[in-house]
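The values are calculated or read from the model by the stated rules, or taken from the named source; none is laboratory data. Note that the coordinates shown come from a computational prediction; the quantities given were computed from them, not determined experimentally. Cβ sites come from the backbone with ideal geometry, for glycine too, and all protein chains shown count toward neighbours.
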């Protein structure tokens, strides 16, 4: 009867696993470098509110204004657009492409205080500014408060925030 002596190596499986993972990442990197990556991007948006408007500022440099579409439906504003890859240079001449290209879509729920008839959009220096006017009843109102007894009334003027307490 012959006996085999096998040396126990606890790290052998770990080294094999590491080799497999390294090959997997190397293959995926090679696949990405074969063509220009033109996956879609998501432009950042700032949203702020003042007493008369809600304003959305969308950072969309390189997007042609004719490729922008803004719609309001069911208290939701949807901004769609496309940043196209410029074909002025051959793809094989690029060393690195870090900017994102393609279609994008951003949707935001709107409060009932927005008047859909009072919406304007401006596009300047790569920034899309959408201004949504508020309904008159949603704007702050000044309220007079009577203080004191019937003989000596004083009036105090205060401002309503337009928000429920």
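Could you say whether any residue in the range 22-42 is within 29 Å of residue 117 (Cα to Cα), at pLDDT 90 or above and not in a helix (DSSP H, G or I)?
no
For (1) closer than 19 Å to residue 122 by Cα; (2) more than 18 Å from the chain's Cα centre (by Cα), each residue gets a yes or a no:
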{"site": "44", "(1), (2)": "yes, no"}
{"site": "49", "(1), (2)": "yes, no"}
{"site": "53", "(1), (2)": "yes, yes"}
{"site": "57", "(1), (2)": "yes, no"}
{"site": "61", "(1), (2)": "yes, no"}
{"site": "66", "(1), (2)": "yes, yes"}
{"site": "74", "(1), (2)": "no, yes"}
{"site": "77", "(1), (2)": "yes, no"}
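Quick check on this structure: which one of 125, 107 is modelled with pLDDT of 90 or more and on the phi < 0 side of the Ramachandran plot?
Within the list 125, 107, the selection yields 107.
Consider residue 135 carefully, then state whether it is surrounded by 13 or more Cβ atoms within 10 Å (Cβ to Cβ), at pLDDT 75 or above and under 20 Å from residue 68 (Cβ atoms).
no
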